[in-house]
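So the structure is just underneath, and the comments pick up after that.
The values are calculated or read from the model by the stated rules, or taken from the named source; none is laboratory data. For clarity, every value in this text was computed on a predicted model and none was experimentally measured. Cβ atoms come from the backbone with ideal geometry, glycine included; neighbour counts cover every protein chain shown.
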Amino acid sequence: MSMSFASRLGIEHPLIQAPMAGSTSPALVTAVSNAGALGSLGAGYLEPQAILDQAAQIRAVGDRPYAIGLFVLPDEFEADMAAVAKAREQLDALMEREGLDARTSLPTRWAPRFSDQFAALCEARPAVASFAFGVIAPAQLRELRQRDIYVIGTATTVAEARAWADAGADAVSLQGAEAGGHRGTFLHEAEDAMIGLFALLPLAVRAMESLGREVPLIAAGGIMDGRGMLAAEALGAAASQLGTAFLTCPECPAATAWKQDLPGVEAHQVTTIRGFSGRAARGRRNRFVEAMPQAAQGLPYPVLNALTAPLRRAAAAAGRGDLLSEWCGQAAGLVRPQPAAELVARLMHEYRLAKRSLAR
Ligand SMILES: Cc1cc2nc3c(=O)[nH]c(=O)nc-3n(C[C@H](O)[C@H](O)[C@H](O)COP(=O)(O)O)c2cc1C
């Protein structure tokens, strides 16, 4: 893999632990970064003060580069309150039927304000800022540049990769259809932007070649081991970004039931789900997906995400993986539960072995 990407960032390995909103912790980020890869704090759901607090915890443990990931969203959301009331009724009824001791409530805000999160990110000043769901404004890009923060934009199509390159991103993370978690798609309908990484990478490489400046491409989606990293490199990726592979690390704060379910997940059980958050996301098809309240399905992100939060929290506490948003990529069955530093070392060992065996 191109060392220029890793050396530009001051990391040893061209490997990124994906920012995973709700499923990363300072402990995970520092374990990965101290092992020579790039740890990322998924801060999309965090209030600004929590971003600052977690960044301070990361800095207290070491000075290795790390990333903070945000969702690019409008600051304010209008919700159809009649639809919200109907969805709440059905979600409450579902929780009652399932014996979950929780009910929906109206939050003071549907989601943290993006511009405040952005200001906190600037103040925290990580080496890398990573964005999904949209492109940041030119003034925001300038602010990051002034602080020497490296910018990674998420794209699910070549058009989105171009949009990020035109906006001045330093690198683009290509999220293949295989990828776990929310789709980063922002220029298209999510179902039109389900492009497999083997098609997306070489198409984006060609598009970036015509730009006149180098924009490293990061491969994301279904990569679970060193062989996958090497395959991504062969197709032109400068680094690999793995999310699902890190979910079963002890440092990852994902719910225990979710971690226990992942090794047994088969690829045909992994599907695109809107019913938890109002936005397409890849995860395990479970009881919630089958029983998803009709009224909830029409609500947009982040309104539905806020309304289902009590259900997801209660399901996690009760060990009910069947009612949790068990986000994962298509290759989730290949997870290897182990400490994050060991996983990084193992991935790099496999990568080197695969490279050697192909050279023979
Ligand atoms: C639980 C989970 C949460 C995620 N949250 C985010 C996020 O907050 N920001 C982001 O840019 N990508 C997020 N992603 C997507 C990852 O960046 C990446 O595209 C994906 O994990 C790659 O596919 P894989 O899971 O098969 O490795 C998330 C993925 C997972 C599995």
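Exactly one residue out of Gly329, Gly319, Gly333, Gly278 is at positive phi and within 19 Å of the chain's Cα centre (by Cα), and it is Gly278.
Here is a check on your reading of the model: is Thr244 hydroxyl-bearing (Ser, Thr, Tyr), closer than 29 Å to His13 by Cβ and in contact with a Phe, Trp or Tyr (Cβ under 9 Å, 6 or more places away or on another chain)? Here the answer is yes, as Thr244 does meet what is asked. The lone criterion from (1) out of contact with any Phe, Trp or Tyr (no Cβ under 6 Å at 6 or more places or on another chain); (2) within 16 Å of the ligand (Cβ to nearest atom); (3) at positive phi left unmet by Gly168 is number (2).
Set side by side, the residues Arg183, Arg213, Arg284, Arg274 differ, and just one is surrounded by fewer than 18 Cβ atoms within 10 Å (Cβ to Cβ) and either of a type in the set (Phe, Trp, Tyr) or farther than 21 Å from Ser33 by Cα (or both), which is Arg213.
For region 85-100, taking the residues that are over 22 Å from Gly319 (Cβ atoms) and basic (Lys, Arg), the one that is farthest from the chain's Cα centre (by Cα) is identified as Lys86. Highlighted here would be strands (runs of 3 or more DSSP E) found entirely within region 1-112 that include at least 3 residues which are without any contact (Cβ under 8 Å) to a residue 60 or more places away in the chain, within 16 Å of the ligand (Cβ to nearest atom) and not aliphatic (A, V, I, L, M), but there are none.
Only one residue in Thr108, Thr104 is out of contact with any Ser or Thr (no Cβ under 6 Å at 6 or more places or on another chain), modelled with pLDDT under 95 and of a type in the set (Ser, Thr, Tyr). Which one? Spell out the reasoning first.
Values: Thr104 fails: modelled with pLDDT under 95.
Result of the check over Thr108, Thr104: Thr108.
Against the definition (away from the ligand (no atom under 14 Å from the Cβ) and in contact with a Leu (Cβ under 7 Å, 6 or more places away or on another chain)), how does Glu209 come out, yes or no? So Glu209 does not fit the description; no. Does region 219-226 contain any residue that is over 18 Å from Val32 (Cβ atoms) and among the acidic types (Asp, Glu)? So far as region 219-226 goes, no, none of its residues is over 18 Å from Val32 (Cβ atoms) and among the acidic types (Asp, Glu). Among the residues of region 342-350, is any surrounded by fewer than 19 Cβ atoms within 10 Å (Cβ to Cβ) and either at pLDDT below 95 or over 23 Å from the mean Cα position of the chain (by Cα) (or both)? The answer is yes, given that some residue of region 342-350 is surrounded by fewer than 19 Cβ atoms within 10 Å (Cβ to Cβ) and either at pLDDT below 95 or over 23 Å from the mean Cα position of the chain (by Cα) (or both). In region 131-177, the qualifying residues are those that are among the aromatic types (Phe, Trp, Tyr) and surrounded by 21 or more Cβ atoms within 10 Å (Cβ to Cβ), and the one that is nearest to Gln330 (Cα to Cα) is Phe131. Exactly one residue out of Arg279, Arg336 is within 16 Å of the ligand (Cβ to nearest atom), in a loop (DSSP other than H, G, I, E, B) and over 23 Å from Ala132 (Cβ atoms): that is Arg336.
Just to check your reading of the model, which residue among Glu251, Glu266 is out of contact with any Ser or Thr (no Cβ under 7 Å at 6 or more places or on another chain), more than 23 Å from Ala314 (Cβ to Cβ) and among the charged types (D, E, K, R)? Don't jump to the end; show me each part of the working.
Values: Glu251 fails: out of contact with any Ser or Thr (no Cβ under 7 Å at 6 or more places or on another chain).
Selected residue: Glu266, the only one of Glu251, Glu266 that is out of contact with any Ser or Thr (no Cβ under 7 Å at 6 or more places or on another chain), more than 23 Å from Ala314 (Cβ to Cβ) and among the charged types (D, E, K, R).
Looking across Gly176, Gly243, one residue alone is within 16 Å of the chain's Cα centre (by Cα), within 13 Å of the ligand (Cβ to nearest atom) and either modelled with pLDDT under 95 or closer than 30 Å to Ala314 by Cβ (or both). It is Gly243. Residues being polar (S, T, N, Q) and either under 19 Å from Glu214 (Cα atoms) or not in a helix (DSSP H, G or I) (or both) are entirely absent from region 134-151.
Results for (1) crowded, with 22+ Cβ neighbours inside 10 Å; (2) over 25 Å from Gly134 (Cβ atoms), shown as yes or no for each residue.
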| site | (1), (2) |
| --- | --- |
| Ala35 | yes, yes |
| Leu41 | yes, no |
| Gly44 | yes, no |
| Glu47 | no, no |
| Gln54 | no, no |
